[in-house]
1. Tally Lys and Arg at +1 and Asp and Glu at -1 over the other residues with C-beta under 15 Å from the C-beta of GLU13: what net charge comes out?
2. Spin-label point model (7 Å from Cα, Cβ direction): what's the GLU131 to ASP65 distance in nm?
3. Using 0.36 nm per residue of separation minus the Cα-Cα distance, give me the extension gain between ARG148 and VAL124 in nm, one decimal.
Amino acid sequence: MDRIALIAEHREELLGFLCRRVPRAVAEDLLHDVLVKSVDTVDGVRDDEALLAWMYRALRNATIDHHRRGGAASRALARFAEETAALDHATEPAGEACRCVLRAAEGLKREHAKALQRVAVDGVAVKSFAEEEGISSGNAAVRLHRARHALREQLVATCGSCAGANGRGCSACTCADQEKV
């Protein structure tokens, strides 16, 4: 019997094996991936019985890899969510910001300026901002992080040491333009 035809004949059985371990959509993806990877290999297997055993072993390994990747992704996402929550709940420096902040914000990318405006100034939650923009919460958090970083760099370039060295940003500004907002 043709090796590919044998695998096709046992497709539902192989899929059932996977469905007991992962959701059906994932099972279909894993089966497809293993079939694609095995096209060149199936001719090297000695007989039909060994071929099916080889397929089950490949599917088991693919399932294990899927769960490992999923676990790693879940842990990374949880760490990122914790870091984002910590940033959202961090207290802002006391005092008013100087006009340097406004000048520095004018030099930011439009998407970074908007993220800072909506979240830091308007007080919108990161999740709500993400929904407004039609992006994921993680993407919004990354955008906000990059915006804060870009603003910090702009402030250091504009104000010099008062923006970066004292750790208080421009809330205790000592640069030439000390007028407060």
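1. On the way: positive: ARG11, ARG20, ARG21, ARG24, ARG57, ARG60; negative: GLU9, GLU12, GLU28, ASP48, GLU49.
Value of the local net charge: +1.
2. Taking the simple label geometry, GLU131 and ASP65 are separated by 3.8 nm.
3. Details: separation 24, 0.36 × 24 = 8.64 nm, distance 1.55 nm.
That pair, ARG148 and VAL124, stretches by 7.1 nm at full extension.
No value in this document is a laboratory result; all are computed from the given coordinates. A quick note: this is a predicted structure, and the numbers were derived from the prediction, not measured. Here the Cβ is made from the backbone with ideal geometry for all residues, glycine too, and neighbour counts use every protein chain on show.
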